[in-house]
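Written below as structure tokens is the structure these notes are about.
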Amino acid sequence: MLPRDTIDTTVLPPGERFGMWLDLVARTSAPLRIQSAHAGDFAARADFISLGPIQLVEYRYPSLDATRTQKLVRRSDPELYILAYTTGGIGTSSQDGRRSEILAGEFTFYDGSRPHDVCHHATEPERDQATSIITLIPHAALPLPPQRMATLYGGRMSGSEGIGALLAQFLLQVTRHPEQYHAADASRLGAVGLDLATTMLGRHLVAEDAVPTEVRRRALLAQVQAYVHRHLGDATLSPGVVADAHHISVRSLHRLFEAEETTVASYIRDLRLTRCRRDLSDPALRNQPVQTIAARWGFPDKAHFSRAFRAAYGVSPQEHRDAASHPARIVNSAASVVNSRRAD
């Protein structure tokens, strides 16, 4: 599981909760001056996950108004960019004279080394909370021209289409399901998140050429792989379909996968076989015909599926299902062979 540090104010009586949050903010590398209309009972939570070059923080609170003044910047400057994804509530972000209203499903971006204001309120404070996922990115880690980043400060970016949607899905998956990853995955996940964030910001600069080539390649690869995962059940899924969906040539798509030591077709086939193997091992799906499961994952031809499955796993689909359903039978069979030998 990815290591996660949590601050939860509800462990204290209502009157002490906001003070706990103020202490937390004062200890951060980029302290803020904050206020809240719910200071009398500030039920809030912050979950921190470090991912190599970046850090993710998921926040939950009823309302918050925060200001980072020039004085606070002089006192502590960690040289961080902040990319905030609003998942619930409504807010505003302002920096360098630019102010935007931010809705759920949108990103905003600002520089922690400059003064800024952020407000974030729950839509219905008595019933829900304002929620967000913050990505902290060191200045030195973002491979974009610093002199051009100011055009993005305090602005809004969509988290529901293109690279923005892929980055949003990544942030939600990692922060809400850290148990699905190993601690050793942290640096690699951080690199993926940084690539996606860099590509999204680069596109909003209207200067994708400012994004390093390898970063763009990895971000496009992540986008293609996510598309394949979503469309595995479509029997017509092919390199041509994938390439068309991403407005690139099939040749470019093949080049994209060269560094992955696999082909596009093999990647699709292997994912489909993995899903079939998983479902054939699931006792809850025991009554579903093998071919129903195969068709669900893009294998409409029974003979083709059987050949591909045997080539990958050394047994037929039915043999794999039987072995998964009766593991004791295999053990007992091996034991019978050993016991059948005559003792000397």
Condition set in contact with an Asp or Glu (Cβ under 8 Å, 6 or more places away or on another chain) and surrounded by 18 or more Cβ atoms within 10 Å (Cβ to Cβ), scope region 89-115, selection farthest from Pro138 (Cα to Cα): answer is Gly89
Can you list residue pairs whose Cβ atoms sit under 8 Å apart, with the first residue in region 1-26 being over 30 Å from Ser187 (Cα atoms) and the second being of a type in the set (Gly, Ala, Ser) and open to solvent by 50 Å² or more (accessible area, probe 1.4 Å)? Count only pairs 6 or more apart in sequence or on different chains. Pro14/Gly40; Gly15/Gly40; Phe18/Gly40
State whether the residues of region 47-60 include one that is within 24 Å of Val192 (Cβ to Cβ), in contact (Cβ under 8 Å) with a residue 40 or more places away in the chain and exposed (fewer than 14 other Cβ atoms within 10 Å of the Cβ). no
Failed condition for Thr198, given (1) open to solvent by 50 Å² or more (accessible area, probe 1.4 Å); (2) under 15 Å from the mean Cα position of the chain (by Cα), with all others met? (1)
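Check every one of the strands (runs of 3 or more DSSP E) wholly within region 55-122 and list those with 3 or more residues that are among the charged types (D, E, K, R) and at negative phi.
Of the strands (runs of 3 or more DSSP E) lying wholly inside region 55-122, those with at least 3 residues that are among the charged types (D, E, K, R) and at negative phi span 98-103.
Tally time: how many residues in region 274-324 are farther than 19 Å from Gly233 by Cβ and among the small types (Gly, Ala, Ser)? Full working, then the answer.
Narrowing region 274-324 to residues farther than 19 Å from Gly233 by Cβ: 283, 286-287, 303, 307, 310-311, 313-316, 318-324.
Pick out the ones that are also among the small types (Gly, Ala, Ser) and you get 303, 311, 314, 316, 323-324.
The qualifying residues number 6.
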Would you please name the residue that is most open to solvent (accessible area, probe 1.4 Å), looking only at residues in region 152-171 that are more than 23 Å from Gly112 (Cα to Cα) and touching a strand residue (DSSP E or B) at 6+ places or on another chain (Cβ under 9 Å)? Ser160
Run down Ala312, Ala235 and say which single residue is in a helix (DSSP H, G or I) and either open to solvent by 20 Å² or more (accessible area, probe 1.4 Å) or closer than 30 Å to Gly162 by Cα (or both). Ala312
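The values are calculated or read from the model by the stated rules, or taken from the named source; none is laboratory data. Since this is a predicted model, take the numbers as computed values, not measurements. Methodologically, a virtual Cβ is constructed for each residue, glycine included, from the backbone with ideal geometry; neighbour enumeration extends over all protein chains shown. Just the protein is used for accessible areas: all its heavy atoms, side chains included, with ligands, DNA and RNA removed. Shrake-Rupley method; radii C 1.70, N 1.55, O 1.52, S 1.80 Å.
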